[in-house]
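Engineer: Take a look at the following structure, please.
The values are calculated or read from the model by the stated rules, or taken from the named source; none is laboratory data. Predicted model, so just to flag it, every value in this text is computed and none were measured. Reconstructed Cβ throughout: ideal geometry from the backbone, glycine too, with neighbour counts over all protein chains shown. SASA here: full protein model, heavy atoms, side chains in, ligands and nucleic acids out. Shrake-Rupley method; radii C 1.70, N 1.55, O 1.52, S 1.80 Å.
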Amino acid sequence: EDKVVQSPLSLVVHEGDTVTLNCSYEVTNFRSLLWYKQEKKAPTFLFMLTSSGIEKKSGRLSSILDKKELFSILNITATQTGDSAVYLCAVGLGVGTASKLTFGTGTRLQVTL
Amino acid sequence: SQTIHQWPATLVQPVGSPLSLECTVEGTSNPNLYWYRQAAGRGLQLLFYSVGIGQISSEVPQNLSASRPQDRQFILSSKKLLLSDSGFYLCAWSMGGRDSPLHFGNGTRLTVT
């Protein structure tokens, strides 16, 4: 059975801290790993990673994939209260022509003043 | 730019009543369409996906069905709701092909009483 595990389950940090969120996976037919941010309703897309060792960066957020060790990390530097959300990791499976994603249960991040 | 609309935002229905949730996408043609359910403490679970009009793939056996009567319209239905159908339902779209990220609607919070 395909599995995506995120850690920690939840995290409370102070504004300005740096955080690292983890995602490990065991799936067949791996094609991609995606990160999403979910604040209240719709998860919003952050990154898609397909190659090992290549960092993707957007502002204070960055992510990297290790396909040998089967994990990815999402880093957030200089956290702000607006970063408070649930961060979801998903793995895209290579069957058919649709982007079928298997999701982890998420890491709930709370950034306090 | 592409937008996805999902309605209603919340719904309370008695056990045994029918269900119809609708999702439409604007600004793109021939998208892949998806229905996910998010239960408390669990990851998003893929219910159905469609790569074209009239084509539906079901991922899990359940009390629900899906239809795609038009290119950019996706409907989730049930003839008789169960208590276990309660949850947060998310519609999503992606470009055709396997390596495209999903973009989610704002979801419908369904409570079956």
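Residue-wise test of (1) within 20 Å of B:Q38 (Cβ to Cβ); (2) outside any strand (DSSP E or B); (3) free of Cβ contacts under 8 Å to residues at least 24 places away in the same chain.
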| residue | (1), (2), (3) |
| --- | --- |
| A:V12 | no, no, no |
| A:G16 | no, yes, no |
| A:T20 | no, no, no |
| A:C23 | yes, no, no |
| A:S32 | no, no, no |
| A:Y36 | yes, no, no |
| A:A42 | yes, yes, yes |
| A:F45 | yes, no, yes |
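Engineer: Going through region A:25-72 one residue at a time, which ones are over 13 Å from the mean Cα position of the chain (by Cα), crowded, with 17+ Cβ neighbours inside 10 Å and of a type in the set (V, I, T)?
Structural biologist: Matches in region A:25-72: A:V27 only.
Engineer: If you don't mind, another one. Between B:S1, B:S58, B:S86, B:S78, which is under 13 Å from the mean Cα position of the chain (by Cα) and open to solvent by 20 Å² or more (accessible area, probe 1.4 Å)?
Structural biologist: B:S58
Engineer: Could you tell me how many of the residues in region A:55-113 are polar (S, T, N, Q), more than 14 Å from chain B (Cβ to nearest Cβ) and under 14 Å from A:F45 (Cα atoms)?
Structural biologist: 1
Engineer: Exactly one of these conditions fails for A:N75: (1) more than 23 Å from B:Q45 (Cβ to Cβ); (2) surrounded by fewer than 14 Cβ atoms within 10 Å (Cβ to Cβ). Give me its number.
Structural biologist: Checking A:N75 against (1) more than 23 Å from B:Q45 (Cβ to Cβ); (2) surrounded by fewer than 14 Cβ atoms within 10 Å (Cβ to Cβ), the one that fails is (2).
Engineer: Between A:S58, A:S52, A:S63, which is in contact with a Leu (Cβ under 6 Å, 6 or more places away or on another chain) and without any contact (Cβ under 8 Å) to a residue 24 or more places away in the chain?
Structural biologist: Among A:S58, A:S52, A:S63, only A:S52 is in contact with a Leu (Cβ under 6 Å, 6 or more places away or on another chain) and without any contact (Cβ under 8 Å) to a residue 24 or more places away in the chain.
Engineer: Let me ask you something else. Among the strands (runs of 3 or more DSSP E) confined wholly to region B:59-113, which include 2 or more residues that are within 8 Å of chain A (Cβ to nearest Cβ)?
Structural biologist: Result: B:87-94.
Engineer: May I pose another question? Is it true that some residue in region B:15-36 is charged (D, E, K, R), at negative phi and either open to solvent by less than 10 Å² (accessible area, probe 1.4 Å) or within 11 Å of chain A (Cβ to nearest Cβ) (or both)?
Structural biologist: Of the residues in region B:15-36, the ones charged (D, E, K, R) are B:22, B:26.
From the residues that got through so far, the ones that are at negative phi too are B:22, B:26.
Filter once more, so that each one left must be either open to solvent by less than 10 Å² (accessible area, probe 1.4 Å) or within 11 Å of chain A (Cβ to nearest Cβ) (or both): none.
No, there is no match, as no residue in region B:15-36 is charged (D, E, K, R), at negative phi and either open to solvent by less than 10 Å² (accessible area, probe 1.4 Å) or within 11 Å of chain A (Cβ to nearest Cβ) (or both).
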